[in-house]
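Inspection log for the structure reproduced underneath, given as structure tokens.
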Amino acid sequence: MNEQERAGERLLPEVATGERKLEHVRLCLEENVAGEGVTSGMERFAFRHHPLPELDFEEVHLETSFIGKKVRTPLLISSMTGGSKTTGAINERLARVANARGWALGVGSIRAAVEQPELASTFDVRRWAPDIPVIANLGAVQLNYGFITADFQRAVDIAGADMLVLHLNTLQEVFQPEGNTNFSGLFQRIENLCRELDVPVGVKEVGFGIDGVTAQRLYEAGVAFIDVAGAGGTSWVQVEKYRNNNPVRRAAAEAFADWGIPTAECIQEVRALNPTGALIGSGGLYTGVDAAKALALGADLAGFGRSLLESAVASDDALNERLEQVEFELRTVMFGIGAGQIEDLKQTTRLVERR
């Protein structure tokens, strides 16, 4: 299959599979896996319109930098997938389109490829994305299950990444049939890894949020960036509910449908306690207006995950249009409040809490 054929191909097979990563993608597309009774909190905020912005719309610019890397947009495709032929093709598409549009790119957990080298190609996004920041991803809990610094470096090398993010996913692991639930002593091990690894190390949640105090401890331990990954989007308890055959665990998952700290609250808390720490706001973002709110609240990048997945599965053109729409919405917000640069947006006083 040539590149043109891949670009127009729908990538999710119709046949059911037992591959966990592909099951995750299928469930996120086909089932109601959003948290219920909890939102990102972005709806609590609105921008005050500026009727005379003194700007040319064509001169509203999205360029910024993150951890010393220049990017054409303050936008991130959050860690989603990899580990199988089909999810590798999704990663390839995400990488090609992200590189063309100047979005930063995170990959899904690379644990499978560290343990099974034959899967490495499904995370090798650098060959498709030579010009953008790439973030490798592994579960922090693997530090308690035999992974050493060399394994985390291997994950970085596989993705050709500029930095590594450790994901914290306590509740997902509890409800996951194969879950690893020993999170004891991880703080010290994270601190050690930050000292030993050659690239910047960040920490992210997976949809339940990171509070300000926890973020402060992590920054002080040497963590280079935080991705709050707050509540309001995908609930990985609900995703794992569909994969768990234990009737008690499946029933119990319903009690956690509203679990987590809203994304907006996380961003505010983290930024209030850590004025200069590199910060990604993600979790339940759907539009460029959401991204603008995240940036105005204190984030340096705004991350999008499941809200891009249907387009990513459909075709290159569909994904490109989806990213272009987010960028257009973000630029329109900036024009509407008189912010010509991302720094102007981050310093605006025109984001107000709704009454």
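Here the Karplus curve 6.51 cos²θ - 1.76 cosθ + 1.60, taken at θ = phi - 60°, turns the phi angles of segment 85-93 into couplings of 4, 6, 5, x, 5, 5, 4, 4, 5 Hz, with x standing for Gly and Pro. Relative to the 2.2 N^0.38 Å rule of thumb, segment 29-134 has a C-alpha radius of gyration ratio of 1.40. Summary of packing: across the peptides 247-256, 185-194, the per-residue average of other C-beta atoms within 10 Å ranks them, highest first, as 185-194, 247-256. Ellipticity at 222 nm from helices only: DSSP H runs of n ≥ 4 in the chain, each -39500 (n - 2.57), divided by the residue count, give -11500 deg cm²/dmol.
Once you reduce segment 240-254 and segment 270-333 to the center of their Cα atoms, the two points are 31 Å from each other.
Rolling a 1.4 Å probe over the heavy atoms of the protein chains gives the chain an accessible area of 42 Å² per residue.
With respect to the chain, whose longest principal axis is taken over its alpha-carbon atoms, helix 316-337 is tilted by about 40°.
How high is the relative contact order of the chain, given as a whole-number percent (alpha carbon pairs under 8 Å, six or more residues apart)? So the answer I get is 24 percent. Within the accessible surface of the chain, defined with a 1.4 Å probe on protein heavy atoms only, the carbon and sulfur portion equals 48 percent.
Within a straight-line Cα-Cα reach of under 24 Å, LYS85 can be paired with the following lysines, leaving aside sequence neighbours fewer than 8 residues apart in one chain: LYS21. Only Lys, Arg, Asp and Glu carry charge here, each on its Cβ (+1 for the first two, -1 for the last two); on that basis the chain has a dipole of about 500 debye about its Cα centre.
Determine the alpha carbon to alpha carbon distance for each of LYS70/LYS204; LYS69/LYS346; LYS70/LYS241; LYS69/LYS204 and list only those over 29 Å. Beyond 29 Å: LYS70/LYS241.
The values are calculated or read from the model by the stated rules, or taken from the named source; none is laboratory data. These figures come from a predicted structure and were not determined experimentally. Here the Cβ is made from the backbone with ideal geometry for all residues, glycine too, and neighbour counts use every protein chain on show. Ligands, DNA and RNA are excluded from the accessible area calculation, which covers all protein heavy atoms including side chains. Shrake-Rupley method; radii C 1.70, N 1.55, O 1.52, S 1.80 Å.
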